[in-house]
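The next block holds one structure in the form of C-alpha coordinates; read it before the comments.
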Amino acid sequence: MSKRDYYEVLGLSRDASDEEIKKAFRRLAMKHHPDRNPGNKVSEEHFKEAREAYEVLADSQKRAMYDQYGHAGMGGFASGSGMGGMNFGDIFGDIFGDIFGGGRHGPQRGADLLYNLEVSLEEAVLGHTVEISVPTHVACPECHGSGARKGAKPMTCHDCDGYGQVRMQQGFFSVQQTCPTCRGQGKLIKDPCSACRGQGRRKQIKKLSVKIPPGVDSGDRIRLSNEGEAGDPGGASGDLYVQINVRAHEIFTRDGVNLQCEVPVSFVIAALGGELDVPTLNGRVKLKVPHETQSGKVFRLKGMGVPPVRGGAPGDMICKVVVETPVNLTHKQQELLQQFEKTLSTDNKHSPRSKSWFDQVKKFFEDMKR
(Lines give C-alpha, C1' and ligand atoms only; values in the text may rest on other atoms or scores of the structure.)
Protein backbone atom coordinates (compact mmCIF):
# COMPACT_ATOMS: atom_id res chain seq x y z
CA MET A 1 0.00 0.00 0.00
CA SER A 2 1.53 3.33 -1.11
CA LYS A 3 2.22 6.06 1.43
CA ARG A 4 -0.03 9.09 1.52
CA ASP A 5 1.38 12.47 0.64
CA TYR A 6 2.81 14.08 3.76
CA TYR A 7 1.02 17.37 3.12
CA GLU A 8 -2.23 15.46 2.74
CA VAL A 9 -1.58 13.62 6.02
CA LEU A 10 -1.28 16.93 7.88
CA GLY A 11 -4.05 18.59 5.88
CA LEU A 12 -1.78 21.33 4.51
CA SER A 13 -0.97 22.98 1.23
CA ARG A 14 2.58 22.75 -0.14
CA ASP A 15 3.33 26.39 0.70
CA ALA A 16 2.49 25.91 4.41
CA SER A 17 4.74 27.75 6.86
CA ASP A 18 6.80 26.04 9.58
CA GLU A 19 4.34 27.28 12.20
CA GLU A 20 1.38 25.88 10.25
CA ILE A 21 3.15 22.51 10.02
CA LYS A 22 3.76 22.47 13.75
CA LYS A 23 0.15 23.43 14.55
CA ALA A 24 -1.24 20.78 12.17
CA PHE A 25 0.87 18.03 13.74
CA ARG A 26 0.02 19.20 17.23
CA ARG A 27 -3.70 19.02 16.42
CA LEU A 28 -3.44 15.48 15.03
CA ALA A 29 -1.18 14.33 17.88
CA MET A 30 -3.70 15.61 20.42
CA LYS A 31 -6.43 13.66 18.64
CA HIS A 32 -4.66 10.37 17.99
CA HIS A 33 -2.03 10.08 20.73
CA PRO A 34 -1.99 6.53 22.20
CA ASP A 35 -2.38 7.88 25.74
CA ARG A 36 -5.71 9.36 24.70
CA ASN A 37 -6.79 6.30 22.71
CA PRO A 38 -5.52 3.23 24.59
CA GLY A 39 -5.87 0.06 22.53
CA ASN A 40 -7.11 1.91 19.42
CA LYS A 41 -4.94 0.58 16.58
CA VAL A 42 -6.44 2.94 13.99
CA SER A 43 -5.56 6.03 16.05
CA GLU A 44 -2.10 4.59 16.68
CA GLU A 45 -1.48 4.26 12.93
CA HIS A 46 -2.75 7.81 12.31
CA PHE A 47 -0.41 9.06 15.03
CA LYS A 48 2.62 7.29 13.50
CA GLU A 49 1.71 8.58 10.04
CA ALA A 50 1.40 12.16 11.32
CA ARG A 51 4.69 11.92 13.21
CA GLU A 52 6.52 10.65 10.14
CA ALA A 53 5.08 13.48 8.03
CA TYR A 54 6.07 16.02 10.66
CA GLU A 55 9.64 14.67 10.92
CA VAL A 56 10.11 15.31 7.23
CA LEU A 57 8.25 18.58 6.71
CA ALA A 58 9.59 20.21 9.88
CA ASP A 59 13.17 19.74 8.63
CA SER A 60 14.04 22.25 5.91
CA GLN A 61 16.56 19.91 4.21
CA LYS A 62 14.23 16.90 4.24
CA ARG A 63 11.31 19.02 3.08
CA ALA A 64 13.28 20.34 0.09
CA MET A 65 14.20 16.78 -0.94
CA TYR A 66 10.59 15.62 -0.45
CA ASP A 67 9.18 18.53 -2.48
CA GLN A 68 11.53 17.64 -5.37
CA TYR A 69 11.51 13.83 -5.32
CA GLY A 70 8.59 12.79 -3.13
CA HIS A 71 8.87 9.66 -0.97
CA ALA A 72 11.70 8.37 -3.20
CA GLY A 73 13.91 11.24 -2.02
CA MET A 74 13.66 10.11 1.61
CA GLY A 75 15.83 7.03 1.17
CA GLY A 76 18.94 8.81 2.36
CA PHE A 77 17.42 9.93 5.65
CA ALA A 78 16.94 7.72 8.66
CA SER A 79 13.56 8.01 10.35
CA GLY A 80 13.69 10.21 13.41
CA SER A 81 17.00 11.91 12.43
CA GLY A 82 17.68 15.65 12.65
CA MET A 83 14.69 17.92 13.15
CA GLY A 84 15.91 21.02 11.32
CA GLY A 85 16.30 23.01 14.53
CA MET A 86 12.78 22.15 15.75
CA ASN A 87 12.66 20.45 19.15
CA PHE A 88 10.44 17.37 18.93
CA GLY A 89 10.41 17.15 22.72
CA ASP A 90 9.06 20.70 23.01
CA ILE A 91 6.05 20.00 20.86
CA PHE A 92 5.29 16.87 22.89
CA GLY A 93 5.65 18.94 26.03
CA ASP A 94 2.93 21.25 24.69
CA ILE A 95 0.73 18.28 23.82
CA PHE A 96 1.12 16.61 27.21
CA GLY A 97 0.45 19.96 28.85
CA ASP A 98 -2.96 20.08 27.18
CA ILE A 99 -3.76 16.41 27.78
CA PHE A 100 -2.87 16.38 31.46
CA GLY A 101 -3.79 19.93 32.43
CA GLY A 102 -0.36 21.51 32.10
CA GLY A 103 0.39 25.16 31.56
CA ARG A 104 1.46 27.91 33.87
CA HIS A 105 -0.02 27.54 37.32
CA GLY A 106 0.91 30.61 39.34
CA PRO A 107 -1.52 32.06 41.92
CA GLN A 108 -4.80 30.18 41.93
CA ARG A 109 -8.18 31.89 41.76
CA GLY A 110 -10.34 31.62 44.87
CA ALA A 111 -13.28 29.24 45.11
CA ASP A 112 -16.81 30.26 44.12
CA LEU A 113 -19.37 30.22 46.93
CA LEU A 114 -23.10 29.45 46.99
CA TYR A 115 -25.46 31.18 49.43
CA ASN A 116 -29.10 30.07 49.75
CA LEU A 117 -31.38 33.04 50.37
CA GLU A 118 -35.04 32.61 51.32
CA VAL A 119 -37.32 35.55 50.42
CA SER A 120 -41.03 36.29 50.58
CA LEU A 121 -43.20 36.33 47.47
CA GLU A 122 -43.57 40.10 47.85
CA GLU A 123 -39.78 40.56 47.89
CA ALA A 124 -39.36 38.31 44.85
CA VAL A 125 -42.07 40.02 42.80
CA LEU A 126 -41.48 43.64 43.77
CA GLY A 127 -37.71 43.54 44.30
CA HIS A 128 -35.82 44.07 47.51
CA THR A 129 -32.39 44.75 48.99
CA VAL A 130 -31.25 42.41 51.76
CA GLU A 131 -28.17 42.19 53.95
CA ILE A 132 -26.47 38.80 54.22
CA SER A 133 -23.54 37.46 56.23
CA VAL A 134 -21.20 35.06 54.44
CA PRO A 135 -18.40 33.10 56.19
CA THR A 136 -15.45 33.11 53.81
CA HIS A 137 -11.73 33.70 53.39
CA VAL A 138 -10.66 37.25 52.53
CA ALA A 139 -7.32 38.76 51.61
CA CYS A 140 -5.24 39.32 54.74
CA PRO A 141 -5.43 43.03 55.63
CA GLU A 142 -1.94 42.97 57.16
CA CYS A 143 -0.05 41.79 54.07
CA HIS A 144 -2.75 42.72 51.51
CA GLY A 145 -2.88 39.14 50.32
CA SER A 146 0.84 38.74 49.52
CA GLY A 147 1.52 36.31 52.40
CA ALA A 148 4.79 38.11 53.19
CA ARG A 149 5.58 40.16 56.28
CA LYS A 150 5.14 43.91 55.88
CA GLY A 151 8.17 45.32 54.05
CA ALA A 152 9.14 41.91 52.64
CA LYS A 153 8.31 40.51 49.22
CA PRO A 154 7.78 36.98 47.91
CA MET A 155 10.81 35.62 46.03
CA THR A 156 10.72 33.98 42.62
CA CYS A 157 11.09 30.21 42.97
CA HIS A 158 14.61 29.23 41.89
CA ASP A 159 13.59 25.71 40.83
CA CYS A 160 10.93 26.70 38.27
CA ASP A 161 11.96 30.35 37.67
CA GLY A 162 8.46 31.49 38.61
CA TYR A 163 6.77 29.22 36.10
CA GLY A 164 5.04 27.05 38.71
CA GLN A 165 5.99 23.85 36.90
CA VAL A 166 9.10 21.89 36.15
CA ARG A 167 9.69 19.85 33.01
CA MET A 168 11.16 16.36 32.96
CA GLN A 169 12.66 15.12 29.70
CA GLN A 170 12.23 11.42 28.88
CA GLY A 171 13.59 10.72 25.43
CA PHE A 172 11.34 12.43 22.91
CA PHE A 173 8.76 13.16 25.57
CA SER A 174 8.74 16.20 27.82
CA VAL A 175 6.40 15.88 30.79
CA GLN A 176 5.45 18.82 32.99
CA GLN A 177 4.59 18.56 36.66
CA THR A 178 3.81 20.98 39.48
CA CYS A 179 6.95 22.41 41.02
CA PRO A 180 7.41 20.61 44.38
CA THR A 181 9.32 23.55 45.87
CA CYS A 182 6.71 26.31 45.45
CA ARG A 183 3.73 23.96 44.91
CA GLY A 184 2.81 25.63 41.64
CA GLN A 185 2.83 29.20 43.01
CA GLY A 186 5.97 30.33 41.21
CA LYS A 187 7.00 32.24 44.34
CA LEU A 188 8.44 31.49 47.78
CA ILE A 189 7.73 33.38 50.98
CA LYS A 190 10.88 33.47 53.13
CA ASP A 191 9.49 35.93 55.70
CA PRO A 192 5.78 35.09 56.14
CA CYS A 193 3.13 37.43 57.51
CA SER A 194 2.48 36.67 61.19
CA ALA A 195 -1.24 37.47 60.91
CA CYS A 196 -2.04 34.89 58.22
CA ARG A 197 1.10 32.69 58.55
CA GLY A 198 1.98 33.24 54.92
CA GLN A 199 -1.40 32.11 53.58
CA GLY A 200 -2.32 35.56 52.29
CA ARG A 201 -5.92 35.20 53.51
CA ARG A 202 -7.93 34.93 56.72
CA LYS A 203 -11.37 33.69 57.80
CA GLN A 204 -13.98 36.39 58.12
CA ILE A 205 -17.76 36.88 58.21
CA LYS A 206 -18.39 39.16 55.27
CA LYS A 207 -21.52 41.34 55.30
CA LEU A 208 -22.91 42.07 51.86
CA SER A 209 -25.88 43.95 50.45
CA VAL A 210 -27.74 41.93 47.80
CA LYS A 211 -30.14 43.65 45.42
CA ILE A 212 -32.95 41.31 44.43
CA PRO A 213 -34.38 42.37 41.05
CA PRO A 214 -38.18 42.30 40.60
CA GLY A 215 -39.50 39.06 39.14
CA VAL A 216 -36.97 36.52 40.46
CA ASP A 217 -38.20 33.01 41.21
CA SER A 218 -37.01 29.96 43.12
CA GLY A 219 -33.83 28.54 41.57
CA ASP A 220 -32.66 31.87 40.13
CA ARG A 221 -29.09 32.86 40.98
CA ILE A 222 -27.62 36.30 41.51
CA ARG A 223 -23.89 36.54 40.84
CA LEU A 224 -21.70 38.83 42.93
CA SER A 225 -18.33 39.04 41.19
CA ASN A 226 -15.17 38.73 43.30
CA GLU A 227 -17.18 38.19 46.50
CA GLY A 228 -16.22 34.54 46.83
CA GLU A 229 -13.17 33.19 48.60
CA ALA A 230 -9.87 35.01 48.26
CA GLY A 231 -7.37 33.31 45.97
CA ASP A 232 -3.77 32.39 46.65
CA PRO A 233 -1.39 35.32 47.18
CA GLY A 234 -1.71 37.38 44.01
CA GLY A 235 -4.68 35.36 42.75
CA ALA A 236 -8.16 36.73 42.01
CA SER A 237 -11.12 36.10 44.31
CA GLY A 238 -13.91 33.75 43.30
CA ASP A 239 -17.55 34.76 42.84
CA LEU A 240 -20.52 34.48 45.19
CA TYR A 241 -23.75 33.01 43.81
CA VAL A 242 -26.91 33.84 45.76
CA GLN A 243 -29.59 31.24 45.02
CA ILE A 244 -33.17 32.37 45.55
CA ASN A 245 -35.82 30.29 47.33
CA VAL A 246 -39.29 31.90 47.49
CA ARG A 247 -41.43 31.00 50.51
CA ALA A 248 -44.99 29.77 49.99
CA HIS A 249 -47.61 32.53 50.35
CA GLU A 250 -50.83 32.31 52.34
CA ILE A 251 -52.97 33.88 49.60
CA PHE A 252 -51.18 33.76 46.27
CA THR A 253 -49.55 31.03 44.22
CA ARG A 254 -47.26 31.79 41.31
CA ASP A 255 -47.44 30.37 37.80
CA GLY A 256 -44.64 31.91 35.76
CA VAL A 257 -45.45 35.62 35.45
CA ASN A 258 -49.05 35.14 36.66
CA LEU A 259 -50.35 35.13 40.21
CA GLN A 260 -53.34 33.04 41.22
CA CYS A 261 -55.70 33.24 44.17
CA GLU A 262 -59.07 31.86 45.23
CA VAL A 263 -61.78 34.41 46.11
CA PRO A 264 -64.55 33.20 48.46
CA VAL A 265 -67.97 34.61 47.44
CA SER A 266 -71.27 34.30 49.30
CA PHE A 267 -74.03 32.57 47.39
CA VAL A 268 -76.11 35.77 47.62
CA ILE A 269 -73.45 37.86 45.80
CA ALA A 270 -72.88 34.99 43.37
CA ALA A 271 -76.63 34.96 42.59
CA LEU A 272 -77.32 38.72 42.59
CA GLY A 273 -73.91 40.13 41.66
CA GLY A 274 -71.82 42.68 43.49
CA GLU A 275 -68.32 44.03 44.12
CA LEU A 276 -65.52 42.58 46.20
CA ASP A 277 -62.20 43.95 47.45
CA VAL A 278 -59.48 41.68 46.06
CA PRO A 279 -55.87 41.87 47.36
CA THR A 280 -52.95 42.20 44.95
CA LEU A 281 -49.26 42.76 45.66
CA ASN A 282 -49.78 46.37 44.58
CA GLY A 283 -52.79 47.01 46.86
CA ARG A 284 -56.53 46.33 46.82
CA VAL A 285 -58.63 46.42 43.66
CA LYS A 286 -62.38 46.13 43.05
CA LEU A 287 -63.60 42.94 41.41
CA LYS A 288 -67.06 43.09 39.83
CA VAL A 289 -68.91 39.82 40.21
CA PRO A 290 -71.80 39.56 37.72
CA HIS A 291 -75.08 37.98 38.77
CA GLU A 292 -75.49 34.21 38.40
CA THR A 293 -71.75 33.62 38.80
CA GLN A 294 -70.93 29.95 39.33
CA SER A 295 -68.25 28.51 41.60
CA GLY A 296 -65.00 28.02 39.68
CA LYS A 297 -65.49 31.08 37.47
CA VAL A 298 -62.13 32.71 36.68
CA PHE A 299 -61.52 36.46 36.43
CA ARG A 300 -58.29 37.93 35.03
CA LEU A 301 -56.87 41.24 36.27
CA LYS A 302 -54.46 42.41 33.56
CA GLY A 303 -50.99 43.56 34.60
CA MET A 304 -51.45 42.67 38.27
CA GLY A 305 -49.02 39.74 38.16
CA VAL A 306 -45.23 39.40 38.11
CA PRO A 307 -42.85 41.55 36.05
CA PRO A 308 -40.45 39.35 34.01
CA VAL A 309 -36.99 39.48 35.56
CA ARG A 310 -35.43 40.26 32.15
CA GLY A 311 -37.93 43.00 31.32
CA GLY A 312 -41.27 43.12 29.56
CA ALA A 313 -44.95 43.47 30.47
CA PRO A 314 -46.02 42.03 33.84
CA GLY A 315 -48.30 39.03 34.02
CA ASP A 316 -51.88 38.91 35.29
CA MET A 317 -53.71 38.18 38.51
CA ILE A 318 -56.05 35.22 38.04
CA CYS A 319 -58.93 35.11 40.55
CA LYS A 320 -60.95 31.92 40.88
CA VAL A 321 -64.38 32.33 42.49
CA VAL A 322 -65.32 29.82 45.19
CA VAL A 323 -68.99 30.10 46.21
CA GLU A 324 -69.28 29.43 49.93
CA THR A 325 -72.10 27.53 51.58
CA PRO A 326 -73.23 29.40 54.72
CA VAL A 327 -72.57 27.64 58.02
CA ASN A 328 -73.74 28.05 61.64
CA LEU A 329 -77.23 29.16 60.55
CA THR A 330 -79.80 30.23 63.12
CA HIS A 331 -83.23 28.65 63.24
CA LYS A 332 -84.70 31.74 61.57
CA GLN A 333 -82.14 31.62 58.75
CA GLN A 334 -82.86 27.95 58.15
CA GLU A 335 -86.62 28.70 57.87
CA LEU A 336 -85.94 31.49 55.37
CA LEU A 337 -83.83 29.15 53.24
CA GLN A 338 -86.55 26.50 53.31
CA GLN A 339 -89.11 29.11 52.20
CA PHE A 340 -86.74 30.20 49.47
CA GLU A 341 -86.31 26.59 48.36
CA LYS A 342 -90.10 26.23 47.99
CA THR A 343 -90.21 29.23 45.65
CA LEU A 344 -87.81 27.54 43.20
CA SER A 345 -89.44 25.78 40.26
CA THR A 346 -89.44 22.01 40.14
CA ASP A 347 -88.08 21.87 36.56
CA ASN A 348 -84.65 23.05 37.71
CA LYS A 349 -84.68 26.09 35.46
CA HIS A 350 -82.93 27.98 38.28
CA SER A 351 -80.22 25.31 38.35
CA PRO A 352 -79.35 24.59 34.71
CA ARG A 353 -76.17 22.76 35.59
CA SER A 354 -78.01 20.45 38.02
CA LYS A 355 -80.66 19.72 35.38
CA SER A 356 -77.99 18.83 32.83
CA TRP A 357 -76.18 16.65 35.34
CA PHE A 358 -79.32 14.75 36.40
CA ASP A 359 -80.23 14.19 32.75
CA GLN A 360 -76.82 12.65 32.18
CA VAL A 361 -77.16 10.45 35.28
CA LYS A 362 -80.58 9.24 34.13
CA LYS A 363 -79.20 8.36 30.70
CA PHE A 364 -76.26 6.56 32.33
CA PHE A 365 -78.50 4.23 34.35
CA GLU A 366 -80.72 3.58 31.35
CA ASP A 367 -77.69 2.57 29.33
CA MET A 368 -76.58 0.26 32.16
CA LYS A 369 -79.87 -1.64 31.99
CA ARG A 370 -79.52 -2.40 28.30
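Within straight cross-link reach of LYS302, meaning Cα distance under 30 Å, which lysines are found once same-chain residues fewer than 8 apart are removed?
Here the lysines satisfying the reach criterion relative to LYS302 are LYS211, LYS286, LYS288, LYS320.
Just read off the accessible area of LEU336 with the full protein assembly in place, 1.4 Å probe, to the nearest 10 Å².
Here the accessible area works out near 90 Å².
On the first, second and third principal axes, largest extent first, how far apart are the outermost C-alpha atoms of segment 187-278 in Å?
89, 21, 15
Starting from the Kirkwood radius over alpha-carbon pairs of segment 211-370, derive D by Stokes-Einstein at 20 °C in a medium of 1.002 mPa s and give it in µm² s⁻¹.
This corresponds to a translational diffusion coefficient of 103 µm²/s.
Note down the net charge around ALA236, summing +1 for each Lys or Arg and -1 for each Asp or Glu among other residues with Cβ under 14 Å from its Cβ.
Taking every Cβ under 14 Å from that of ALA236, the sum is -3.
Could you pull the Cα extents of segment 227-290 along its three principal axes, largest to smallest, in whole Å?
Projected onto the principal axes, the Cα atoms of segment 227-290 cover 76, 17, 16 Å.
What is the local net charge at GLU122, summed over the other residues whose Cβ is closer than 14 Å to its Cβ (Lys, Arg +1; Asp, Glu -1)?
Net local charge, GLU122 excluded: -2.
When the Kirkwood radius is taken over all Cα pairs of segment 104-162, what Stokes-Einstein diffusion coefficient follows at 37 °C and 0.692 mPa s, in µm²/s?
It diffuses with D of about 204 µm²/s by this estimate.
Taking every pair of alpha-carbon atoms in segment 145-299, give the share separated by more than 22 Å as a whole percent.
68
Inverting the mean 1/r over all pairs of different Cα atoms, compute the Kirkwood radius of segment 1-61 and quote it in Å.
11.8 Å is the Kirkwood radius here.
The values are calculated or read from the model by the stated rules, or taken from the named source; none is laboratory data. Bear in mind the structure is a predicted one, so any value in this text is a computation, not a measurement. Cβ sites come from the backbone with ideal geometry, for glycine too, and all protein chains shown count toward neighbours. What goes into the accessible areas is simple: the full protein's heavy atoms, side chains included, and nothing from ligands, DNA or RNA. Shrake-Rupley method; radii C 1.70, N 1.55, O 1.52, S 1.80 Å.
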